[in-house]
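Student: Dropping the structure in here first, questions after.
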Amino acid sequence: MSGKTVLIVDDEAPIREMIAVALEMADYNYLEAADAREAHALIVDKQPDLILLDWMLPGTSGVELARRLKKEEATSDIPIIMLTAKVEEDNKIQGLEVGADDYITKPFSPRELVARLKAVLRRATPPGVDSPIEVDGLTLDPVGHRVTTSDGAISMGPTEYRLLQFFMTHQERVYTRSQLLDQVWGGNVYVEERTVDVHIRRLRKALGDDYDHLIQTVRGTGYRFSTRAA
């Protein structure tokens, strides 16, 4: 499997099934939702890598869901491909204006869908998610699930690893404890904010004296990963 998970949001089961088969053949994991409410719950809980979103959904439309996702910080970076029978140019422009990354009109071939999906994922995938990322000799390899320095491998727990991966792919920005909980633990997991402090301390301890300074405390706000002096 590619390790990537795609959420299919369409109220027509045959279309979801057709897309699911195409994704399976291309080695993608997939989730399914028939409406915007079900889709939003899955997105918050599972954090898919990409969303295939039908324009016409019962209740809240696909374009309204896309607008909501792009406004919410926890979901704003998830790429969206709109699926629709609407071919008028103003509809296409409206879809792109709310933040959709691409637009495919029905009917479409599974091969075209997978090709467009791969292109969007390539553009949206930062270093440290599919490829190693290195900062001042500290290297995180997501494929090997390994953190190393010139002195060798660094041992750390799974939560500390996810924290470090998030920090290294979102450098020089301050995150509150609540934001870190959403991004690293997931929005539907109940964990007290002070738990973040415990795992930050464990991460710093694992990084040791040479690299613990990269995880900076911003008083009254939260934490950031930075190579600059605090």
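The values are calculated or read from the model by the stated rules, or taken from the named source; none is laboratory data. This structure is a prediction, so every number in the text was calculated from the model and none was measured. Because the Cβ atoms are built from the backbone with ideal geometry, glycine has one as well, and the counts that use them run over all protein chains shown.
Student: I'm told residue 162 meets every condition in (1) assigned to a strand (DSSP E or B); (2) in contact with a helix residue (DSSP H, G or I) (Cβ under 9 Å, 6 or more places away or on another chain) except one. Can you identify the failing condition by its number?
Tutor: (1)
Student: Of all the residues that make up the range 165-217, how many are in a loop (DSSP other than H, G, I, E, B), under 24 Å from residue 41 (Cβ atoms) and not charged (D, E, K, R)?
Tutor: Result for the range 165-217: 6.
Student: Cβ-Cβ under 6 Å, sequence separation 6+ or interchain: first residue in the range 95-121 and surrounded by 14 or more Cβ atoms within 10 Å (Cβ to Cβ), partner of a type in the set (Ser, Thr, Tyr). Which pairs?
Tutor: What qualifies is 95/103.
Student: Let me ask something else about it. Kindly indicate whether any position in the range 22-39 is assigned to a helix (DSSP H, G or I), among the hydrophobic types (A, V, I, L, M, F, W, C) and within 25 Å of residue 182 (Cβ to Cβ).
Tutor: Checked the range 22-39: at least one residue is assigned to a helix (DSSP H, G or I), among the hydrophobic types (A, V, I, L, M, F, W, C) and within 25 Å of residue 182 (Cβ to Cβ).
Student: Follow-up question, since we're still on this one. Counting residues that are modelled with pLDDT under 90, touching a helix residue (DSSP H, G or I) at 6+ places or on another chain (Cβ under 9 Å) and assigned by TED's automatic domain parsing to the domain that holds residue 164, which strands (runs of 3 or more DSSP E) fully inside the range 43-129 reach at least 3?
Tutor: Here the list is empty.
Student: Now, a different point. Pull out all pairs, ordered by first then second residue, where Cβ-Cβ is under 7 Å, the residues are six or more apart or on different chains, the first lies in the range 164-176 and is of a type outside the set (S, T, N, Q), and the second is modelled with pLDDT under 90.
Tutor: Hits for this filter: 166/183; 166/184; 168/128.
Student: Could you identify the single residue in 194, 201, 219 that is farther than 19 Å from residue 74 by Cα, of a type outside the set (A, V, I, L, M, F, W, C), at pLDDT below 90 and surrounded by fewer than 17 Cβ atoms within 10 Å (Cβ to Cβ)?
Tutor: None of the other options fit; the residue is 194.
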